[in-house]
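I have placed the structure first, in the form of structure tokens, so that the comments after it can refer back to it.
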Ligand SMILES: CC(C)(COP(=O)(O)OP(=O)(O)OC[C@H]1O[C@@H](n2cnc3c(N)ncnc32)[C@H](O)[C@@H]1OP(=O)(O)O)[C@@H](O)C(=O)NCCC(=O)NCCS
């Protein structure tokens, strides 16, 4: 399910939320198809090694975050335009996800970037695991990039 929020004043789209119902990969075939194993279709402008590393890390976080082997919902993306941030838009979009997960008695998981960690924590998510990507090995020397942490988090009603 994909949702978008539209400003009543300007009619512009100010936020997106992607919510996916998932089940843990069980068979070998399913594990092969899991996000951690995607290596093809690198979009233009993306450094393949960085994408590969991020995809691997997301897959590793997801695997560690599986909830007792049962189905779960995942926030696949959430994004609020910079000028509309800190006005409660993200929180309102997440209420739709909470209502859906609560209704079906399923947990909600997310793989959070560092900048969004506090947002998810304030909304009631708990940390389950994390994976660190050492960008010093992938970025040019003196680029200033260091270790980047992706955190698995879970919300249960
Ligand atoms: C993370 C994001 C979705 C939050 O959306 P938002 O509409 O700005 O969040 P809200 O206004 O609903 O914030 C709810 C609460 O979360 C916390 N919060 C939100 N953004 C925060 C930030 N940048 N730093 C610290 N706390 C934050 C605050 O406690 C906030 O309540 P308050 O404003 O009353 O203090 C938005 O900043 C965003 O799109 N960021 C870029 C994309 C991104 O990082 N997506 C997540 C990838 S995992």
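The values are calculated or read from the model by the stated rules, or taken from the named source; none is laboratory data. None of the values given here were measured: they were computed from a predicted structure. Positions of Cβ are backbone-derived with ideal geometry, glycine not excepted, and every protein chain shown enters the neighbour counts.
When both residues are 6+ apart or on different chains and their Cβ atoms are under 6 Å apart, which pairs have a first residue that lies in the range 71-90 and is modelled with pLDDT of 95 or more, and a second that is near the ligand (Cβ under 6 Å from one of its atoms) and not in a strand (DSSP E or B)? Sorted first by the residue in the range 71-90, then by its partner, the pairs are 80/89; 80/90. Selection of the range 72-90 for residues being within 6 Å of the ligand (Cβ to nearest atom) and surrounded by 13 or more Cβ atoms within 10 Å (Cβ to Cβ) yields 78, 79, 80, 85, 89, 90. Residue 94 falls short on exactly one of the conditions (1) more than 12 Å from the ligand (Cβ to nearest atom); (2) touching a helix residue (DSSP H, G or I) at 6+ places or on another chain (Cβ under 9 Å), and that condition is (1). Among the residues here, residue 108 qualifies as under 14 Å from the mean Cα position of the chain (by Cα) and more than 8 Å from the ligand (Cβ to nearest atom). Counted as qualifying within the range 47-157 are the strands (runs of 3 or more DSSP E) with 1 or more residues that are under 18 Å from residue 3 (Cα atoms), namely 72-80, 108-112. When you scan the range 113-134, do you find a residue that is surrounded by 14 or more Cβ atoms within 10 Å (Cβ to Cβ), over 22 Å from residue 14 (Cα atoms) and more than 18 Å from the chain's Cα centre (by Cα), even just one? No, because not a single residue in the range 113-134 is surrounded by 14 or more Cβ atoms within 10 Å (Cβ to Cβ), over 22 Å from residue 14 (Cα atoms) and more than 18 Å from the chain's Cα centre (by Cα).
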